[in-house]
Every structure is written in C-alpha cells, then in structure tokens.
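Asks: This is the structure, below, for whatever I ask next.
The values are calculated or read from the model by the stated rules, or taken from the named source; none is laboratory data. Nothing here was measured: the structure is a model prediction, and the numbers come from that model. So basically every Cβ, Gly included, is an ideal-geometry build from the backbone, and we count neighbours across all protein chains shown. Keep in mind that these areas ignore ligands, DNA and RNA; they rest on the heavy atoms of the full protein, side chains included. Shrake-Rupley method; radii C 1.70, N 1.55, O 1.52, S 1.80 Å.
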Amino acid sequence: MNFKELKEIITNYATIVSEQEGVELRSVEIYPGGRGLIVRIFIDKEGGVTIKDCEHFSRAIEAILDIEDPINSSYTLEVSSPGLDRPLKDKRDFLRNIGRNVQITTKEKIADRTFFIGKILEAGDDWVRIEIYNPKIKGIKKKEKTELLFIPFNKILKAQIYIG
C-alpha cells in the first residue's frame, strides 16, 4: 500500500473520530520517521483545541488503527492543533477568523503590491475582504487611513493570522 492510499484510509477513520469527538479534522500527514512512519493528525474546533481534545481523539483513532491495522510497520501517532500560524486556505478558515488580523501574500499584484496585513471583514465563496491601514493616504486623519480590498482565493499564495 502506498502513502496516498494509507493517508486516504487514515483520513476516513479520522473523519469518523472527529465527528464522534466534536472536532474538525484539518489534515492528516504521513511520512517516514526514524523508526517507522509518523502519522500526524491536526484537529480544530470553535474556541480552540485543548490537550484533553487531543488525548481523546488520539485514544479513539489509536483504537481503530489497532483493530483495523492498516499500517504494516511501526508508527508514531501525533494529534495536535494546527496552531496560530496555520495557513488559512478556504472560506471556512477566513470566516472563523473574522475580526482578526491576517497576513496575505498574493501570486500577482493587487492594488500594486503582493503583500498585505489587514483585518478580515468578511469572506465569500471565492474571496476575502480585508481592511488594511494605509499610511500613504494623504490629508486624512490617522484613524481613517484604511483601504478595503477584495482578494480572490485563487490569487492567494499564502495567508495566515498575523501575530505582531
């Protein structure tokens, strides 16, 4: 069995566990480690994931993996939150973070640049609208020096919560 097939099988099990545990499955990664495979599963939920959430999820998925035995070598299982610096990829990610500052790098120029830091105002099916502070706007009070931008998802190279 190749990594792609194994990842699909484990993702299916993890999806079942995520529904039972009331968390959202964000991603499954599988790669070779020092002693067998490393299976890393990222989960999330509204308000953030706790250590208890990770423990419960880990026990539940481990029980399934022990019974179904899809991994024919030793492996290390890691369950964690995607973290604050996780990438924002789709509408759901942006909607979850409305009101927070985001750092976005685009594939091509939008409003004469490719790098933005601003507050997420809303997200549509294929775009995000952010408010950015623009010190270049002349003759306007500092509080009012903002610019609203629509950025299509297909133009985003990288987006994550801005911690600064």
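Asks: What pairs come up if the first residue lies in the stretch 6-30 and is outside any helix (DSSP H, G or I), the second is acidic (Asp, Glu), and their beta carbons are under 7 Å apart, counting only those six or more places apart or on different chains?
Replies: Here the result reads Val23/Asp44; Val23/Asp53; Glu24/Asp44; Arg26/Asp44, each pair linking the stretch 6-30 to a residue that is acidic (Asp, Glu).
Asks: Going by the conditions given, is Leu25 touching a strand residue (DSSP E or B) at 6+ places or on another chain (Cβ under 8 Å), exposed (fewer than 12 other Cβ atoms within 10 Å of the Cβ) and hydrophobic (A, V, I, L, M, F, W, C)? Talk me through it step by step, then tell me what you get.
Replies: Numbers: touching a strand residue (DSSP E or B) at 6+ places or on another chain (Cβ under 8 Å): yes; exposed (fewer than 12 other Cβ atoms within 10 Å of the Cβ): no; hydrophobic (A, V, I, L, M, F, W, C): yes.
The answer is no for Leu25.
Asks: Here's something else I'd like to know. Can you pull out the residues in the stretch 53-88 that are assigned to a strand (DSSP E or B) and under 17 Å from Glu24 (Cα atoms)?
Replies: Hits for the stretch 53-88 are Glu78, Val79, Ser80, Pro87.
Asks: Please specify each residue of the stretch 38-52 satisfying the condition of being in contact with a helix residue (DSSP H, G or I) (Cβ under 8 Å, 6 or more places away or on another chain) and either exposed (fewer than 10 other Cβ atoms within 10 Å of the Cβ) or assigned to a strand (DSSP E or B) (or both).
Replies: Val39, Ile41, Ile43, Glu46
Asks: Quickly run through the stretch 53-86 and pick out the residues that are under 16 Å from the mean Cα position of the chain (by Cα), surrounded by 12 or more Cβ atoms within 10 Å (Cβ to Cβ) and touching a residue at least 60 places away in the same chain (Cβ under 8 Å).
Replies: Arg86, the sole residue that qualifies.
Asks: OK, next. What's the total number of residues in the stretch 36-85 that are farther than 17 Å from Thr11 by Cβ and touching a strand residue (DSSP E or B) at 6+ places or on another chain (Cβ under 7 Å)?
Replies: Matching residues across the stretch 36-85 total 11.
Asks: For Ala14, state whether it is open to solvent by less than 30 Å² (accessible area, probe 1.4 Å), over 30 Å from Lys119 (Cβ atoms), under 20 Å from the mean Cα position of the chain (by Cα) and at pLDDT 90 or above.
Replies: Yes, satisfied.
Asks: Show the residue pairs meeting these rules: Cβ distance below 6 Å; 6+ apart or different chains; first residue within the stretch 120-149 and at pLDDT 85 or above; second residue open to solvent by 90 Å² or more (accessible area, probe 1.4 Å) and part of a strand (DSSP E or B).
Replies: Trp127/Phe150; Arg129/Phe150; Glu131/Leu148
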